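These notes concern the structure reproduced below.
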Amino acid sequence: MNGAGTYLATRDLAKRFGGIVATEQVSLDIAEGELRCIIGPNGAGKSTLFALLCGIHRPDSGRIFIKEQDVTSLPSFRRVRLGVGLTFQTNRAFHDLNVRQNLEVPMGATGSATHSRSARSEDRYRYALSVFGLDGLRETPARELPHHQLQWLEIAMVLSGGPDILLLDEPTAGMSPEETTQTARVLQHLNDDGLTIVVVEHDIAFVRQVAQRVTVLHQGSVFAEGSIDEITAHDDVRRIYLGQA
Ligand SMILES: Nc1ncnc2c1ncn2[C@@H]1O[C@H](COP(=O)(O)OP(=O)(O)OP(=O)(O)O)[C@@H](O)[C@H]1O
Ligand SMILES: [Mg+2]
C-alpha cells in the first residue's frame, strides 16, 4: 500500500464526535526525511488528526501505517516503540521534577534496559539540549522555567527517546517571534540531519520558516497540498485560511 520511502501514511481516516465530523477521508503520505506542516483554520480537524496519528483517538474508519506496518489499532506506547516521538499542545513536563529528571522520564517509559539511542539520535538530543539552553539547567525544577523553555524541554524529552519521526502539535504556541524562530531553526536542523517531522501549526510565520511541504485541512478533509509558496498563493486557501488570520 505504501510507496518506497514513505514513513507515515494514512488512508481515508475518519473520526466523528457524535454528529460532528472532525476528520473525513484524510489520506497522507509522509516520506522518510520529510518535514511536513499541517495547517488549517479553527476546527479544521488538525488536533483530531494529530490524536489519530498518536493513537490517542481511534478512527471510525480508515488506516494508519508506519513504514509498512498497519498501526491503526496500536496504542500510543506501542507506536513510540516503533520510533514515533510525540509532543502535545499542552505541555507535559513534570513541574515538580528538575530538568534532568524530566529528560530521564522517556527513557524509563520505553524501557531503558533494552533501549539505546543510536549515535545519531544521541547527537540530535545533545544538540537540542545545547541550543535550547537546557544544558546548564539540569538541576532547575521545571516549574521555574519560562513558558518557551518548558516547550523546548518537552521537545528535548521526546528526542531523548531517539525517535525516527517527531509529531508536534503547535510547538510554538504562546512563544514570542524570536522564540518561534529559534524553534524553527532547531527543527530545520534536525530535519536536515534526517529526522522526519510532522508539525500541526497555526502560526503561518513559523510554517514559512520550516516547511517544505504543507497540507491544508479544511472541514476535516485535505483541502490543498504543496510547497508553502504554492499554498500561500492559492486563492481558495487564502480565502478559507489566510483571510482569517
Ligand atoms: N472531543 C471532542 N468532542 C466533540 N467534538 C470535538 C472533539 N474534538 C474535536 N471536536 C470537534 O471536531 C472538529 C475538529 O476539531 P479539532 O480540534 O480537530 O480542530 P483544529 O483544527 O485542531 O482546531 P483549532 O485550530 O481550533 O485547534 C471541531 O468541530 C471540534 O469542535
Ligand atoms: Mg487544535
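The values are calculated or read from the model by the stated rules, or taken from the named source; none is laboratory data. Please read these numbers as outputs of a predicted model, since none were measured by experiment. FYI the Cβ positions are ideal-geometry reconstructions off the backbone, even for glycines, and counts take in every protein chain you see.
Identify all residues within segment 158-172 that are touching an Asp or Glu at 6+ places or on another chain (Cβ under 9 Å) and not in a loop (DSSP other than H, G, I, E, B); write none if there are none. Give the derivation first.
Narrowing segment 158-172 to residues touching an Asp or Glu at 6+ places or on another chain (Cβ under 9 Å): 160, 162, 164-165, 168-172.
Scanning segment 158-172 gives S160, I165, L168, D169.
Could you pull out the residue among T90, T48 that is within 16 Å of ligand 2 (Cβ to nearest atom), within 17 Å of the chain's Cα centre (by Cα), at pLDDT below 90 and of a type outside the set (A, V, I, L, M)? Let's see the steps before the verdict.
Working: T48 fails: at pLDDT below 90.
Selected residue: T90, the only one of T90, T48 that is within 16 Å of ligand 2 (Cβ to nearest atom), within 17 Å of the chain's Cα centre (by Cα), at pLDDT below 90 and of a type outside the set (A, V, I, L, M).
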**Request:** Determine the pairs where a residue that is on the phi > 0 side of the Ramachandran plot, located within segment 163-182, has a partner that is in a helix (DSSP H, G or I) and more than 14 Å from ligand 2 (Cβ to nearest atom) with Cβ atoms under 7 Å apart, the partner being 6 or more residues away or on another chain.
**Result:** G174/H147
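Okay, residues lined up against (1) surrounded by fewer than 22 Cβ atoms within 10 Å (Cβ to Cβ); (2) in contact (Cβ under 8 Å) with a residue 12 or more places away in the chain; (3) within 20 Å of V210 (Cβ to Cβ); (4) in contact with a helix residue (DSSP H, G or I) (Cβ under 7 Å, 6 or more places away or on another chain):
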position	(1), (2), (3), (4)
A9	yes, yes, no, no
R16	yes, yes, no, no
I20	yes, no, no, no
V26	no, yes, no, yes
T48	no, yes, no, no
H57	yes, yes, no, yes
D70	yes, no, no, no
G85	no, yes, yes, yes
L97	yes, yes, no, yes
**Message:** Of everything in segment 133-162, what is of a type in the set (G, A, S) and in contact (Cβ under 8 Å) with a residue 12 or more places away in the chain? Give them in sequence order.
**Reply:** G133, A142, A156, S160, G161, G162
**Prompt:** Scanning segment 4-47 for residues that are touching a Leu at 6+ places or on another chain (Cβ under 9 Å) and among the polar types (S, T, N, Q), which turns out farthest from H234 (Cα to Cα)?
**Reply:** T10
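Report yes if V214 is within 16 Å of ligand 1 (Cβ to nearest atom) and farther than 24 Å from G133 by Cα, otherwise no. Let's see the steps before the verdict.
On the way: within 16 Å of ligand 1 (Cβ to nearest atom): yes; farther than 24 Å from G133 by Cα: yes.
Judged against the criteria, V214 is a match.
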**Message:** Against the definition (more than 13 Å from the chain's Cα centre (by Cα) and free of Cβ contacts under 8 Å to residues at least 12 places away in the same chain), how does D203 come out, yes or no?
**Reply:** no
**Request:** May I ask you to list pairs of residues, at least six apart or on different chains, whose Cβ atoms are under 9 Å apart, with the first in segment 31-42 being part of a loop (DSSP other than H, G, I, E, B) and the second being crowded, with 20+ Cβ neighbours inside 10 Å and of a type in the set (S, T, N, Q)?
**Result:** E32/T196; G33/T196; E34/T196; G40/T215
